[in-house]
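The values are calculated or read from the model by the stated rules, or taken from the named source; none is laboratory data. Note that this is a predicted model, so its numbers are computed, not measured. Positions of Cβ are backbone-derived with ideal geometry, glycine not excepted, and every protein chain shown enters the neighbour counts. Ligands, DNA and RNA are stripped out before the accessible areas are found, and what is left, the full protein with its side chains, is counted by its heavy atoms. Shrake-Rupley method; radii C 1.70, N 1.55, O 1.52, S 1.80 Å.
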Amino acid sequence: MSCRSQLTSWKVLSESAKKLGGVHLKSLFEQDKQRFEKFSCQIPGVLFDYSKQLITPEVKSQLIQLAEECNVAQWRNRMFSGEKINFTENRSVLHVALRNRDNTPLIVDGVNVTEQVNAELAKIKQFTEQVRSGDWRGYTGKAVKNVVAIGVGGSNLGPQMVTEALASFADDTLDIYYVSNVDGVQLAHVLNKLDPETTLFVVSSKTFTTSETMTNARSSVAWILASAQDDAAIAKHFVAVSTNLEKTRAFGIADENVFTMWDWVGGRFSLWSAIGLPIALYLGFEAFQDILEGAFEIDEHFKTAEAGENIPLLMALLSLWNTSFLGHKAQAILPYDQALHMLPAYLQQGEMESNGKSVSFDGQTVPYTTVPLIWGMTGINGQHAFYQYLHQGNTIVPADFIASIKPQVAMGAHHDILMSNFFAQTEAMMAGVDEVAVRADLVAKGKSEDEIQALLAHKIHQGNRPTTSIILDTVDAKAVGRLVAMYEHKIFSQGILLQICSFDQWGVELGKGLASKIESELLNEDVNHEHDSSTSSLIAYYKSRR
Ligand code: F6P
């Protein structure tokens, strides 16, 4: 398999990147008044504007040519048809089957997975209604008031991010708490507030072996039993989401209290499965279905839109262009919507766990930078923290700006003030402020020539910082489904373009394995493994002082 950098379009793009190196985005806008029309597209509920990216029509067609040479469309079809494209784990990649709203049969290994998905959705619906209506009772016969969702990584970030995004639509049926950290302070803070008689735990772990989750689950069982003094209480207060029935049984959770998922659902793409149960419990099953509907719309868009109008593909191509060709090694995710405050953390796992790798499909080290470091926070808070770096640092960080037209909560002029910051920041990052403008401003303020000379260089903003603006109609359940699915298909396309196996995560296993080895040293005074001198001394220091 030839390396991507040997492809004709890759070589052409490398030349284009050199040529565009000296070009300023501002001049591209000055030269072409139709730039926005050329480099933006709309689908229901979403405006996608990439005109503030450093591209030209030629670069766009070269990028599309690259997508063709890399067979992205064929790979996409292979994914949607259930082929085992996760070949390092010999699995299909079928999170799209979880939101297959037109119910087309999808046969994998002789099984119609659409039927399996629908059966599980029915179980989620029934359970959700039982809990929310008060029919599901705790060990003293009281209805559930609080849900504690235990899980980590893909078994936490998606549900928690969506819960936060849609909290404005929750009624007061249930309160929900997420516990992901094995640091006992998180679980303790949650449990201290709650009454065991009215608390339901959802333990989510695809493998049901993840140490952090199992530790939190065991402590939660102890908390319930300390109050109930009867093992029968476990069945009334614990449900699990997992593929591993053997482990859920061994843990003491009855099969009827286990919601299943399948090995073809990757953890970081699993919020559409029973991993999303906490969302359904908190917001109601209908809202959960709306999230699936929104994602399904994007699946259809991704399958059918022309390359030049295909938002997830364009997102992937722009990321590749910025990272592998223009050399920008980070990307910021900046939601101008408080509801989306966890999106950067969610996408960190999505993109970095999927494509933060450095060998190609056939195990060869790739000669290009793969994905950028993904980071960010809500734009407004970021403005008062790290935007100085984004505007004047000597490293360029392309950014996705995300906002909505209608706020979830209308309050006076708040939303217009928020949005004026959104527009101002993307404009400033693109245009910057040159010496002439800075000088004129200082002159207007009555500064002397000496004062101007002292300040001039400090006040110049180079601009030319690429951004994409994504404007949603509003942040509701469908919109969240759309947004997440857009990024999921971006990540998929990015993996194909980079020739990276996006669906395994061997890099996470190394630390996990070492941690469990060291755990035995911390729990047993006389166990000492061999380490480097730093690690041995740190462990000894900790053990001698704890
Ligand atoms: O972070 C590593 C990882 O394996 C993720 O891919 C996964 O989402 C997370 O751990 C949790 O795994 P599990 O659902 O099996 O507990």
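A few comments on the model shown:
- Of Phe87, Phe422, the order by accessible heavy-atom surface (1.4 Å probe, DNA, RNA and ligands excluded), from most exposed downward, is Phe87, Phe422.
- Fully extended contour minus Cα-Cα distance, from Lys142 to His341, at 0.36 nm per residue: 68.2 nm
- Cβ-based charge dipole, the chain, positive-most Cα from His391, Ser133, Phe80: His391
- Between 0 and 90 degrees, the angle of helix 435-444 with respect to the longest Cα principal axis of the chain falls at about 80 degrees.
- The residue among Leu98, Cys70, Ser9 whose Cα reaches farthest toward the positive pole of the charge dipole of the range 1-130, with charges on the beta-carbon of Lys, Arg, Asp and Glu, is Ser9.
- When +1 charges are put on Lys and Arg Cβ atoms and -1 charges on Asp and Glu Cβ atoms, the dipole computed for the chain relative to its Cα centre reaches about 620 debye.
- Using the rule -39500 (n - 2.57) for each DSSP H run of four or more residues, divided by the residues of the chain, the 222 nm mean residue ellipticity is -14500 deg cm²/dmol.
- The residues of the chain present an accessible area of 44 Å² per residue when probed at 1.4 Å with all protein chains retained.
- Largest-first principal axis extents, alpha carbons of the chain, Å: 81, 59, 58
- A Stokes-Einstein calculation at 37 °C with viscosity 0.692 mPa s, built on the Kirkwood radius of the range 46-143 over Cα pairs, returns a diffusion coefficient of 185 µm²/s.
- Pairwise centroid distance, computed over Cα atoms, of the range 5-72 with the range 484-515, Å: 25
- Cα long-axis angle, helix 477-498 against the chain (0 to 90 degrees, to the nearest 10): 70
- Lys/Arg +1, Asp/Glu -1 at C-beta; the chain dipole; positive extreme among Leu455, Ala305, Gln349: Leu455
- Relative compactness, the range 421-545, computed as alpha-carbon Rg over 2.2 N^0.38 Å: 1.99
- With the simple spin-label model, which puts each label point 7 Å out from Cα in the Cβ direction, the Arg218 to Val443 separation comes to 7.4 nm.
- Gain on full stretching of the segment that runs from Lys26 to Leu523 - 0.36 nm per residue minus C-alpha separation: 172.9 nm
- Flagged links, alpha-carbon separation over 30 Å, of Lys18/Lys490; Lys145/Lys303; Lys193/Lys478; Lys11/Lys206: Lys145/Lys303; Lys193/Lys478; Lys11/Lys206
- Charge dipole (debye, nearest 20) of the range 106-289; +1 at Cβ of Lys and Arg, -1 at Cβ of Asp and Glu: 200
- The order of the peptides 185-195, 533-543, 293-303, 74-84 by mean Cβ neighbours within 10 Å, most packed first, is 293-303, 74-84, 185-195, 533-543.
- With every protein chain in place, the chain: carbon and sulfur % of accessible area (1.4 Å): 52
- Note on Leu225 and Glu427: the model spin-label points, each 7 Å out from Cα along the C-beta direction, lie 6.4 nm apart.
- Gain on full stretching of the segment that runs from Tyr542 to Lys33 - 0.36 nm per residue minus C-alpha separation: 176.9 nm
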